[in-house]
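Beneath this line is the structure, given in structure tokens, with notes to follow.
The values are calculated or read from the model by the stated rules, or taken from the named source; none is laboratory data. All values derive from a computational prediction rather than experimental measurement. All Cβ positions, even for glycine, are placed from backbone atoms using ideal geometry, and neighbour counts span all protein chains on display.
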Amino acid sequence: MADKKLPLEGIRVADFSWVSAGPRGTRVLGNFGAEVIKIESAGRLDLNRGRPPFMPGNRGVNATALFNNVNCDKLGITLNLRHPKGRELAKKLCAISDIVIDNFNPGVMKKMGLGYDDLIKIKPDIIVISMPVMGETGPRASYGGYGMGIEAISGLKYISGYPGKMPLGTGIAYPDSGPNPRHAMVAVMAALHYRNKTGKGQFIELAQYESTVCFTGTALLEYTANNKIQGPWGGRLPNAAPHGTYRCKGDDEWCVIAVFTDDEWKAFKKAIDNPSWANDKKFATLADRKKNEDELDRLVNAWTLPKGAREVMELLQNAGVGAGVIQTGRDLLDNDQQLIQRHYVKVEHPEGGPQTVDGVRIKLSATPGRIQRPAPLLGEHNEYVFKKLLGIPDEEFDMLLVDQVLY
Amino acid sequence: MPEKDTPAFNSFSADKPAALQDIRVLDLTTEMGVYCTKLLADLGADVIRVESPKGNPARSLGPYYHDESDPQRSLFHFHFNTNKRSITLNLENPDAREVLKKLVKSAEVLVESFPVGYMAKLGLDYDSLKKLNPGLIYCSISGFGQEGPYSKYKAPDIVGVAMGGLMYLGGYPDEAPFYPGAFQGYHLASVDAAIGILIALYHRDLTGEGQHVDMSMEESVCEAIEMGMVLWDVRKVVRKRTGRRVFRDWNEVFPCEDGYVMCSPFGGAGWQKIFEWVDSEGKAADLKEPIYQQALKVMAWGQMDVAALPPDIDKELLTKNPQLVTHIEEVWQQFLMTHTREELFKNCQERDVRLMPIYDSKDIYEDPQMVERNFFVDVKHPELNATIKYPGGPYRFKDTPWRIKSRAPLIGEHNPELYEKELGMSKDEIAILKKSGGI
């Protein structure tokens, strides 16, 4: 099993992307066997190399836990793209790659002679994906951005939260770990299929703003078709009640409960031992429950309050009612048997030491992906990439180090 | 109107090929997986939505066109089913299942998001269908995956985002966590399923071999939580929701003159420039005093760059004197109230300061960036006598453009062309199937 061929073996990715939106995408390609070469520079470190949490007792650039989770299954090289020789080598690397990816501001790759128009001359079937924040065109093309800001401008924050409260959104740089790296990989894989069929590569632009907007569901259509602006969703849905978050026993413990159908309502009532309030006429139908939802939620909450969140989940799920724990990072790793069995993987990083990383979330039966190697040390694979892949002789390689080209 | 000078990849022109135009997808998804098949359809795949004769239950999800509740007018259905065809088949009926099996032979991909075990009960699970079509890529999207202790659990979106660890991170510390809008769990699981299908397709292109893609919403969500898991793993710290101010950074939602902005003016290198700007409008108040200047430096340092803090400044300044931060934020807040989102956005960009406006759907629709890039596209709905503007795609392909060629289908709209023309079923056969409740 361990040495079974991976489906993307033979695909090489020149990965200029950094921080999160790009790297979280190329990690998936690496998990499935693509040779992802992460191009870094000591003069412009991937921000995640400097960002806590650090591994215990080590604050070095090779020991940051977030970086080391996001960059499993990649090779790492250092290349100073400010140096003309560095750009020349980058171009050579692109010439032997299938996919080139960046998430710089528009025009940066072009300025370095690494734009799509430059690259098709040396590799006619290259697939290039560029991930600018606002897009390569338009009056705001030059605007920079960051994950939490993209969540703000994309409309996602506005619809996330409770009416009358500030629109806080997910509380994290969600576009960087949710929509954008994933949409990018849909695009890359679709382009690879097209290349398989036609022999042609192409250029793909993924504006992170637009990509995140695509995670707002019907919000835009409701405006264009009905002239209505979707506000914060709160915890409720029009076709369910009870539906939302309920406090449980313990410090900051919460569960969610979702009752859609009449059958689920009956099952819910039975699971909570048919208290007399639950059989009150004012909760009989969905319409009744929607009308009296504030009261219903108070009563449901009174039922959850003395119980543990996991106890609520198991009790209701076993009765056929949707329910779950609002899990913390600790719950995910220590208490969630499903994820413990299916998802997490322990790796030993040469500098960071033992760490639990995300496994391969996409499960393929015939050609499963797997975590093959921990994240690269800075410049760890310079010798392999420059000497073996690009055929640079030893003396020249040493000079490139001295001249701070491989830096 | 003169043609705008836009790059080739901005064109949605119909004469270009599509990346997935040779792929047929049978779409048996509920609301959980429907975005997966939209992604494939908008890249040109022939997606056939197999609905129950009453229509897929997701058609009963609002909002509705002009607020008239009707399964043919669900905006949820409109949005997520562009470019698809629709046939009706009652999968509970054995004759109808035979029709589906015929279609399976002609398809590259099947996607379903029924409760785990339902397809097996009908004899339509992967192991049964691969015998008919060994190249079939069969994708199952479920709450927790096809196997494991939670696999039979019900998993509407809210359960997925709660269990995956996303929900806990958003909201105020002393209140219930936020439920993010627009079904983030469904979106994440759907996009990941599409990636899985396309990786399987790549393998199929080379070998002809099909396979089963097993996508769990919980697993999809749990990789979209930034450092939620990592922080517990290496530091044994639970990342909590922190209200307006994002965990650890000086990154906050602030009201301004006409709405809200998300910004981190005092984190990183931007604070000096932002201070100069505030000062140039005479609104810096007492922030010019040395103690506040020092506090600003510590705030900037707090982000990550340890080395940048001069040795004479006390690193603990802010923890010892939290009122300094409170006051700095008050001055900044007063300044923000004198400017609109657009003024702040533009001025902060010029100063390389991290600030972005919080937009609602109207703001996005009117954003000159979206207008000039023709993000919204016209889609005709002849039955409604209307052309509706739809949001564009998440990416732009230069040679095989993303595009919407047709609106979402009516219930069973393509029964005649699929049953009669393509499968060659006679009118009698169809009538019998109809009578027995099959289609």
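Within the bounds of the stretch B:114-129, is there any residue that is crowded, with 24+ Cβ neighbours inside 10 Å and closer than 26 Å to A:LYS5 by Cα? No, the stretch B:114-129 contains no residue that is crowded, with 24+ Cβ neighbours inside 10 Å and closer than 26 Å to A:LYS5 by Cα. Examine the stretch A:277-287 for a residue that is over 24 Å from A:GLY234 (Cα atoms) and either β-branched (Val, Ile, Thr) or not in a helix (DSSP H, G or I) (or both), and state whether such a residue exists. Scanning the stretch A:277-287 turns up at least one residue that is over 24 Å from A:GLY234 (Cα atoms) and either β-branched (Val, Ile, Thr) or not in a helix (DSSP H, G or I) (or both).
Please go through the stretch A:180-191 and give me each residue that is more than 10 Å from A:GLY22 (Cα to Cα) and either facing chain B (nearest Cβ under 7 Å) or among the aromatic types (Phe, Trp, Tyr) (or both), ordered by number.
Initial filter on the stretch A:180-191 (more than 10 Å from A:GLY22 (Cα to Cα)): A:183, A:186-191.
Across the stretch A:180-191, the qualifying residues are A:HIS183, A:VAL186, A:ALA187, A:MET189, A:ALA190, A:ALA191.
Pull out all pairs, ordered by first then second residue, where Cβ-Cβ is under 6 Å, the residues are six or more apart or on different chains, the first lies in the stretch B:348-360 and is in a loop (DSSP other than H, G, I, E, B) and modelled with pLDDT of 90 or more, and the second is of a type in the set (Lys, Arg) and surrounded by fewer than 22 Cβ atoms within 10 Å (Cβ to Cβ). Short answer, once both residue conditions are applied: none.
Given the stretch A:179-267, what helices (runs of 4 or more DSSP H) lie entirely inside it while holding 2 or more residues that are among the small types (Gly, Ala, Ser) and under 21 Å from B:ARG373 (Cα atoms)? Talk me through it step by step, then tell me what you get.
On the way: elements: A:179-198, A:208-213, A:219-226.
Qualifying helices (runs of 4 or more DSSP H): A:179-198, A:219-226.
Considering the stretch A:320-350, the residues that are out of contact with any helix residue (DSSP H, G or I) (no Cβ under 9 Å at 6 or more places or on another chain) and more than 30 Å from A:ASP263 (Cα to Cα) include one that is surrounded by the fewest Cβ atoms within 10 Å (Cβ to Cβ), namely A:GLU348.
Do you know which residues across the stretch B:146-171 are more than 7 Å from every other protein chain (Cβ to nearest Cβ), outside any loop (DSSP other than H, G, I, E, B) and among the small types (Gly, Ala, Ser)?
B:GLY160
Taken together, A:ARG59, A:ARG51 contain a single residue that is surrounded by fewer than 22 Cβ atoms within 10 Å (Cβ to Cβ), in contact with a Ser or Thr (Cβ under 8 Å, 6 or more places away or on another chain) and in a loop (DSSP other than H, G, I, E, B), which is A:ARG51. Could you check, for the stretch A:324-336, whether at least one of its residues is over 33 Å from the mean Cα position of the chain (by Cα) and either in the same structural domain as A:ARG24 (by TED's automatic domain parsing) or in a loop (DSSP other than H, G, I, E, B) (or both)? No, the stretch A:324-336 contains no residue that is over 33 Å from the mean Cα position of the chain (by Cα) and either in the same structural domain as A:ARG24 (by TED's automatic domain parsing) or in a loop (DSSP other than H, G, I, E, B) (or both).
Per-residue answers, yes or no, for (1) surrounded by fewer than 24 Cβ atoms within 10 Å (Cβ to Cβ); (2) facing chain A (nearest Cβ under 7 Å); (3) within 22 Å of the chain's Cα centre (by Cα):
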{"position": "B:TYR202", "(1), (2), (3)": "yes, yes, no"}
{"position": "B:GLY208", "(1), (2), (3)": "yes, no, no"}
{"position": "B:MET215", "(1), (2), (3)": "no, yes, yes"}
{"position": "B:ARG239", "(1), (2), (3)": "no, yes, no"}
{"position": "B:GLU257", "(1), (2), (3)": "yes, no, no"}
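Inside the stretch B:318-366, residues that are within 32 Å of the chain's Cα centre (by Cα) and of a type in the set (Ser, Thr, Tyr) make up a count of 4. When the residues of the stretch B:217-237 are filtered to those that are part of a loop (DSSP other than H, G, I, E, B) and buried (at least 24 other Cβ atoms within 10 Å of the Cβ), which remaining residue is nearest to the chain's Cα centre (by Cα)? Top of the filtered list is B:ALA224.
Quick one: in the stretch B:33-67, which of the residues that are part of a loop (DSSP other than H, G, I, E, B) and within 12 Å of chain A (Cβ to nearest Cβ) is surrounded by the fewest Cβ atoms within 10 Å (Cβ to Cβ)? Step through it out loud before you land on a result.
Within the stretch B:33-67, the first condition is being part of a loop (DSSP other than H, G, I, E, B), and the residues that meet it are B:33, B:43-45, B:52-56, B:61-63.
Filter once more, so that each one left must be within 12 Å of chain A (Cβ to nearest Cβ): B:43-45, B:61-63.
Values: B:LEU43: 28, B:GLY44: 24, B:ALA45: 26, B:LEU61: 22, B:GLY62: 16, B:PRO63: 22.
Here the answer is B:GLY62.
May I ask you to verify whether B:THR82 is outside any helix (DSSP H, G or I) and within 20 Å of B:ALA18 (Cα to Cα)?
Yes, satisfied.
For (1) within 24 Å of B:TYR202 (Cβ to Cβ); (2) outside the structural domain of A:CYS94 (by TED's automatic domain parsing); (3) within 16 Å of the chain's Cα centre (by Cα), each residue gets a yes or a no:
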position: A:LEU156; (1), (2), (3): no, no, yes
position: A:GLY161; (1), (2), (3): no, no, no
position: A:GLY171; (1), (2), (3): no, no, yes
position: A:ALA184; (1), (2), (3): yes, no, yes
position: A:ALA187; (1), (2), (3): yes, no, yes
position: A:ALA191; (1), (2), (3): yes, no, no
position: A:TYR194; (1), (2), (3): yes, no, no
position: A:GLY201; (1), (2), (3): yes, no, no
